[in-house]
Amino acid sequence: MSTLKVDAIRHNSATSDAITMASDGTCTAKLTSVGGGGLSHRNKARNGAMKISQRGTTFSPTTSDTHLIDGWKSQHGSAGNLDCTVTQSTDAPAGFSKSLKITPDSTNTPSGSQNGMLAQRLEGQDFQDLAFGTSDAKTITVSWYAKTSATGAGNYTVKVEYNNGTNNYAVNKLFAFTTTWTRYTYTIPATGTATSVGIVDSNALGFRIEYHLFSGPDDVASQFTQWTINPSPTYKVISGQKNFMDNTNNELYITGLQIEVGDTATSFEHRSQGDELARCQRYCVVIGADQEMHLGTAHAYNSTNINLSMHVPVAMRAKPTASVVLATSGDNANKWLQAYMGASGNKSNASISVSDCSEGHAQMRLYLQSAHSGLSEGQALWCHTLPDAKFILSAEL
């Protein structure tokens, strides 16, 4: 039996060490897999594999920010028109089953500071291990898979931002997206403001990834090669940015977003459907759609309005807002709620406000107006959504 004593281990073609030994008998290693499997809880991105899409599978953003597949939204500047169709696609690289696909519905040549992009926004409290604002600030690596149609191929600005509660600080880089599925890696050293300005430690916006799709000439600037305060206007791109809106045959697919601490892009961390859904439900809970779904028990506040007590699957990020998608056909058309008092049910398009919410935002009281008629104060009811209708609680960033 013998002992191999070395300070480091490096492949003969590599430029850095794979394993670095410490004098106390420990080591640090750049692992990309363990027995071919993933390393748990590395990925800070939400729904990076595009598996969850509670609101639907087709979206039509234009000039307003729109929530898309869970964890993703469109963003715009100066009324930039992202007149596109976004879908949850089954075109995906090996090892994935879903991607986000976007294609223009009309052409557009942006002017001034008009722009549009896809983004993921994340809570600052989940990035405190980066130690930003200190001399121990850490490198971060962002990776993803992308491909385009032939007409959509070109250079796209990918921008990464963090927020200290007052200002945004950013880096960006051009990536050439091509017609084949490719994994792209963006390693960002802890330079610039990373060592002097921290990330907000709360449930507020603290970190953001932006995939810029087009920009007017006023928003073209030099690359931010290290963390720096984000100049105004906010949505700057790098010279050479593709105008994704120049052809309705353009297509862009994205999946496999991973955000991790360190200078190495490890293999993508695949999470179970249940785990990913729970992460998404912190920001959005959708009840209903293809069948009626029970909402909870209620009692009459007066003759027409009711208080509904509700528990959500996971604690939400903040007190949510409520909205509905109405049923579209038959006796249920333009309604979403069925409220029963005994055997007497009433279908309605009741208006909603979230009146109370527990400190952890896991349970709440909803005030539903014009939900029934002829009620007596305190009467018990039970409520469910109507088929084809959706009830949505949103605590998105």
Practice prompt. Kindly state, to the nearest 0.05, the FRET efficiency for residue 204 paired with residue 261, given R0 = 25 Å and r defined as their beta-carbon distance.
Written response: 0.75
Response to the item:
residue 239 and residue 344 label points (each 7 Å along its Cα→Cβ direction) are spaced in nm at 7.5
Fill in: From phi via Karplus (6.51, -1.76, 1.60), per-residue ³J(HN,Hα) for segment 272-289 in Hz, x at Gly/Pro
5, 4, x, 5, 5, 4, 4, 4, 5, 6, 5, 10, 8, 10, 10, 10, x, 4
Worksheet item: For residue 5, which aspartates and glutamates qualify as cross-link partners when the Cα separation must be under 14 Å and same-chain residues fewer than eight apart are set aside?
Response: 24
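What's the FRET efficiency of residue 2 with residue 138 using the Cβ-Cβ distance as r and R₀ = 51 Å, to the nearest 0.05?
On the way: r = 36 Å, r/R0 = 0.71.
Computed FRET efficiency for residue 2 and residue 138 comes out at 0.90.
When the chain is fully extended, how far beyond the present Cα-Cα distance does residue 275 get from residue 176, taking 0.36 nm per residue of separation? Provide the component values of the computation, followed by the final result.
Working: separation 99, 0.36 × 99 = 35.64 nm, distance 3.26 nm.
Length gained between residue 275 and residue 176: 32.4 nm.
If the chain between residue 150 and residue 64 were fully stretched, how many nm would it gain, using 0.36 nm times the residue separation less the Cα-Cα distance?
On the way: separation 86, 0.36 × 86 = 30.96 nm, distance 2.79 nm.
Taking residue 150 through residue 64 to full extension adds about 28.2 nm, to one decimal.
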Worksheet item: Ordering 222, 348 from largest to smallest accessible area (1.4 angstrom probe), what's the sequence?
Response: 222, 348
Fill in: Simple Cβ-charge dipole of segment 193-322, Lys/Arg +1 and Asp/Glu -1, about Cα centre, in debye nearest 20
380
Worksheet entry | Above-threshold pairs, the threshold being 22 Å between Cα atoms, out of 335/390; 44/236; 73/347; 173/242 | 44/236; 73/347
Response to the item:
Simple SL model, points at 7 angstrom along Cα→Cβ for residue 362 and residue 129; separation in nm is 2.3
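Taking 0.36 nm per residue of separation and subtracting the Cα-Cα distance, what length does fully extending residue 225 through residue 318 add?
On the way: separation 93, 0.36 × 93 = 33.48 nm, distance 3.43 nm.
The residue 225-residue 318 span can extend by a further 30.1 nm.
The values are calculated or read from the model by the stated rules, or taken from the named source; none is laboratory data. Only a predicted model underlies this, so the values are computations on that prediction, with no experimental measurement involved. Positions of Cβ are backbone-derived with ideal geometry, glycine not excepted, and every protein chain shown enters the neighbour counts. For the accessible areas, the whole protein counts, side chains as well, though only heavy atoms, and no ligand, DNA or RNA atoms are used. Shrake-Rupley method; radii C 1.70, N 1.55, O 1.52, S 1.80 Å.
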